[in-house]
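Notes follow once the structure below has been shown.
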Amino acid sequence: MTTWQGHKRARPLRGGARDAYEAERRRMGAGYLILQARAAAAMSQAELAQRIGTSQPTIARWESGAQIPSVRSLVRVALATGFELELGLKRGAKTGPRVTMANQ
């Protein structure tokens with residue numbers, strides 16, 4: 001039986017499919033940033049959850065976009081993964097809220 005990771009290595013997304021997948025992940029906002037920060041810190045969901053005092057299923061819900069983390073939780077994620085959280089408001093923005101994490 002092939003694992004999901006093995007399948008992704010054997011059949012990586014290419015071209016338009018890869019671009020569409022990445023565009024959708026970016027649209028997810030904070031969940032995608034948490035996933036990227038966690039991956040950059042080489043942490044599992046369980047490790048991140050333990051470091052910030054929450055559960056692994058909570059991290060999974062945040063990363064999938066099923067639940068939106070609080071600003072306090074985003075700060076804890078940023079600190080635990082070596083990132084800095086930047087929030088901002090912009091008058092007249094035509095898109096939804098945007099959260100960015102910058103690597104320190």
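Values as computed for the structure displayed
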{"read-out": "Residues located in segment 30-46, provided they are part of a helix (DSSP H, G or I) and buried (at least 16 other Cβ atoms within 10 Å of the Cβ)", "value": "A30, G31, Y32, L33, I34, L35, Q36, A37, R38, Q45"}
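Results for (1) exposed (fewer than 14 other Cβ atoms within 10 Å of the Cβ); (2) modelled with pLDDT of 95 or more, shown as yes or no for each residue.
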site	(1), (2)
L48	no, yes
P57	yes, yes
A60	no, yes
S64	yes, no
I68	no, no
V71	yes, no
V77	no, yes
T81	no, yes
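The values are calculated or read from the model by the stated rules, or taken from the named source; none is laboratory data. Computed from a predicted structure; not experimentally measured. Using ideal geometry, Cβ is built from the backbone for each residue, glycine included, and neighbour counts are taken over all protein chains shown.
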